[in-house]
1. If packing is taken as the average number of other Cβ atoms within 10 Å across a peptide's residues, how do 50-60, 91-101, 30-40 rank, most packed first?
2. Would you pull out the residues with amide H under 5 Å of Ala66's amide H, same chain only if 5 or more places away, H placed 1.01 Å from N?
3. How about Lys60: which lysines have a C-alpha closer than 19 Å to its C-alpha, ignoring those fewer than 8 places off in the same chain?
4. Which length gain, in nm to one decimal place, applies between Glu71 and Thr33 when the Cα-Cα distance is subtracted from 0.36 nm times their residue separation?
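Read-outs: derived from the displayed coordinates by stated rules, not from any lab. Source: prediction; values computed, not measured. Positions of Cβ are backbone-derived with ideal geometry, glycine not excepted, and every protein chain shown enters the neighbour counts.
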Amino acid sequence: MAIGSFGRVGDFQSSLNQMSSDISPSKSAEDVTKSFQDTLSGFVNNVNDLQSSANQAIDKMASGQAADVHEVMVAVEKAKISFDLLLQMRNKMLDAYKQIMQMQV
């Protein structure tokens with residue numbers, strides 16, 4: 001039984017594949033940096049959108065407008081999983097930066 005990705009969290013792998021295919025020897029360092037920056041800011045914006053939609057779903061449930069608790073819980077879990085993924089990406093990038101800074105020249 002295969003488990004498919006859902007929502008914007010599934011876009012993470014496709015964005016990484018696109019980013020790695022965008023990096024080629026013919027591209028300048030500035031282009032690669034801009035591509036990485038755009039990709040990272042896109043991830044942050046996606047997480048922010050999911051957090052906002054989860055908050056809206058919670059507000060609707062609290063006000064009695066949302067009758068389906070399952071949809072609210074799915075929205076909250078999507079936001080949580082995407083935030084956890086973004087947090088782990090940040091941790092990995094910080095670890096890589098620290099390793100680079102400790103290298104002897």
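1. Working: 50-60: 16.2, 91-101: 9.5, 30-40: 12.6.
So the order, starting with the most tightly packed, is 50-60, 30-40, 91-101.
2. Met61
3. Lys60 reaches Lys78, Lys80.
4. Values: separation 38, 0.36 × 38 = 13.68 nm, distance 3.80 nm.
That works out to 9.9 nm of additional length.
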